[in-house]
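Contents: one structure, followed by commentary.
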Amino acid sequence: MFDLLDSLDTQQRGVALHDGQRLRVLAGAGTGKTTALTGRAAYLVTARNITPDRILLLTFTRRAARQMVSRTETLIGRVQKDQAHSGARARIVGGTFHSVAHGALRRYAAPLGLAEGFGVIDPSDAADLIDVIRNSFLQDKALQRRLPRKSTLLDIYCRAVDTATTVSEVVVEVAPWATKHAPAISDICREYVRKKRELGVLDFDDLLLYWREALSHPVVGRQIASDYDHVLVDEYQDVNTLQVDVLKLLTNQGQCLTVVGDDAQAIYSFRASSPDHILNFNSDFPEASTLALTTNYRSTQPILDVANALGSEAEVGFSTKLTVSPSNCAPATKPRLVRCADEDGQSDSVCERVLELREQGIALREQAVLVRAAHHSDRLEIELTRRGIPFVKYGGLKYLEAAHVKDLLAAFRLADNPRDELSWFRIFQLLSGVGPAKARTAISRLEIASDGSLPPLEPSNLPARWAQATKDFGPAAQSSADVLLAAILPQAGERLVTHAERLRLAVAPLIESNYQDAAARLTDLEALVQASTSAARLSEVAAEHALEPPSGTSDLAGPPVIDEDYMVISTVHSAKGLEWDAVHVIHAADGNFPSDMALSDAAGLEEERRLFYVALTRARRSLDVYVPLRFHVNRHARDDRNVWAQPSRFLTGAVAPLVDEVTHMRPDDFGVAVIKPIDTAITVDAQLNGLWQ
């Protein structure tokens, strides 16, 4: 135990040893919040004798949960080994809000009125379902032009649910141009909820809504909450109102609550999160204690000075002022503010600086270019390619967004819930000669939405309706459909992984006939089958992958770039939680960073400030901020309009003394020819005198 505590600094040790019921930890960037939180969990187990499975760790990504649980159990193992502890150890319960909610709902599905095999749809499926409903409303000609698209409608719905705000209020904020259609949007949201219930599926918001409902139940809620003595929450600045409600109910029987977060890194308002929750923690959880982590183990002091100066000008928040760790021995050079003539000059300057730092010993993979918006790196990518500097850009196609993966997951959902129209619609269209029209006809013949004339569709009565549903399919499609039906229906005594493999074999020929690069795609499907080995039902496999998909896929990846090194280009949102030796922040000009799309109110400006702060604090040793004085304003237009730019409003007088200013300009940057001095002066007045004759 002494070794465990000695590995923590004074502030982190205070977090680990805290003895109160409610604790808020304000942890600045790079201050070791994960170390403090895992240290607290390990201390609770080894010194306070809390059984590990009585501790619930909530995070926002499954990777973070796995990392923190693994580190905690490693610490526990060391201490218990020193204590000659023997016997099997329970595991800490950890996961994302949504995955823990999903587990609870599977256990208590019946009291909540949910089918045991309920499906979970991801945001893209949810948007598709909303689009179907939206199209039915377009019969009203008054709605045809200005009714928001499916993605905006889903955004409105999610914000209303997550913030407990009426749709009419959310529309004013998200889509003010559609305010007059707020009643129709409300009707679409109402029909969307009804349709989900009819199909037996839940979206991400439903998981939290039903979890809150379960915790509010006098019997079920007590049973769920009684499973835990301590609840630990990471990245608390990213919670929304619904998640705060869940935490209140989860800890209302005397459970201890520890939250860790940084209001200066609250950058996800588009997910309905707000820094107000961590700033006003005491109003939600009275008599809470507050501790702060301010010793930064990542960056040099000059980089931290710039970040602190940026935060000092915020009207609210930025609760921590960062100081460098005494153990940081990196050279303390000032960050650079590089002024460039235009985007081409910026690209030229970045490339030169990247190569310069590489020669100084900072590998390309330890350098990152951070952008406010993905398209901001367009010109730079061209220049990097021209110079032969390898790079990788964060983003791209996620595993779950790959069409072939969604195809097999749809089949998994149907194995437990044949009422899932969205999955049938997707599966039917894989068949030869079957398009949207035939797929809809087949679905209607299955009478999934039964009016009472037929019993609800279940695996047992699916075969009786099949021939009628698929009678218009051609011979080839009919044959494939029959194979799919046989694979979807479970067999008595069959292992789940065997059922998953039968589905994979049934879907594989359809993947080969519908997609290019079939071999790589089929490899992805094998990973889904393996995931079923630890699941209770196939719909759970589909739900787990929807909630936290793997980070990448071989789909459409193309040939790999083989090089000894490569640099990173990333949006700031994607870079949160990461760090590099050298960071290059480009397009630090008003209208780009901060984005002009976020400046409609003070809250938007402050989130842009926090986003800029996140970008600066990713750097360990070297920080360069680039300001192009002219940039192209319409990248998709056929003209070449440019505007003069002002440096970002965040680069204020308080920041100026803390950076070294560099000008990167060529003589002809502004199209002005350089003229050598001449011996004979040109006198305009002498020429004009001839006019006065």
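Structure summary
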{"quantity": "Condition check for residue 504: closer than 28 Å to residue 463 by Cα, open to solvent by less than 40 Å² (accessible area, probe 1.4 Å) and either at pLDDT 85 or above or not aliphatic (A, V, I, L, M) (or both)", "calculated": "yes"}
{"quantity": "Residue, modelled with the lowest pLDDT, within the range 354-385, restricted to residues that are open to solvent by 30 Å² or more (accessible area, probe 1.4 Å), under 22 Å from residue 617 (Cβ atoms) and part of a helix (DSSP H, G or I)", "calculated": "374"}
{"quantity": "Subset of the range 198-239 (residues that are closer than 28 Å to residue 293 by Cβ, open to solvent by 10 Å² or more (accessible area, probe 1.4 Å) and of a type in the set (S, T, N, Q))", "calculated": "none"}
{"quantity": "Unique match (being of a type in the set (Asp, Glu) and touching a Gly at 6+ places or on another chain (Cβ under 7 Å)) among 262, 234", "calculated": "262"}
{"quantity": "Residue in the range 147-157 that is within 21 Å of the chain's Cα centre (by Cα), basic (Lys, Arg) and crowded, with 16+ Cβ neighbours inside 10 Å present", "calculated": "yes"}
{"quantity": "Residue in the range 264-281 that is open to solvent by 10 Å² or more (accessible area, probe 1.4 Å), within 30 Å of residue 329 (Cα to Cα) and small (Gly, Ala, Ser) present", "calculated": "no"}
{"quantity": "Qualifying residue in the range 48-69 (condition: modelled with pLDDT of 85 or more, more than 28 Å from residue 266 (Cβ to Cβ) and among the hydrophobic types (A, V, I, L, M, F, W, C))", "calculated": "yes"}
{"quantity": "Which numbered condition residue 331 fails, given (1) part of a helix (DSSP H, G or I); (2) more than 19 Å from residue 594 (Cα to Cα); (3) in contact (Cβ under 8 Å) with a residue 12 or more places away in the chain", "calculated": "(1)"}
{"quantity": "Candidate set: the range 434-471, residues that are β-branched (Val, Ile, Thr) and modelled with pLDDT of 80 or more; chosen: the one farthest from residue 197 (Cα to Cα)", "calculated": "434"}
{"quantity": "Any hit, the range 172-182, residues being in a helix (DSSP H, G or I) and surrounded by 22 or more Cβ atoms within 10 Å (Cβ to Cβ)", "calculated": "no"}
{"quantity": "Tabulated pairs, the range 471-498, first farther than 17 Å from residue 446 by Cα, second assigned to a helix (DSSP H, G or I) and open to solvent by 60 Å² or more (accessible area, probe 1.4 Å), C-beta under 6 angstrom, 6+ apart or interchain", "calculated": "497/533"}
{"quantity": "The range 116-140 residues that are over 24 Å from residue 208 (Cα atoms), paired with ones that are charged (D, E, K, R) and surrounded by 15 or more Cβ atoms within 10 Å (Cβ to Cβ) (beta carbon under 7 Å, 6 or more apart)", "calculated": "134/150"}
{"quantity": "The range 328-353, subset open to solvent by less than 10 Å² (accessible area, probe 1.4 Å) and of a type in the set (A, V, I, L, M), residue farthest from residue 307 (Cα to Cα)", "calculated": "341"}
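The values are calculated or read from the model by the stated rules, or taken from the named source; none is laboratory data. Source: prediction; values computed, not measured. Cβ sites come from the backbone with ideal geometry, for glycine too, and all protein chains shown count toward neighbours. The area values use the complete protein model at the heavy-atom level, side chains included, leaving out ligands, DNA and RNA. Shrake-Rupley method; radii C 1.70, N 1.55, O 1.52, S 1.80 Å.
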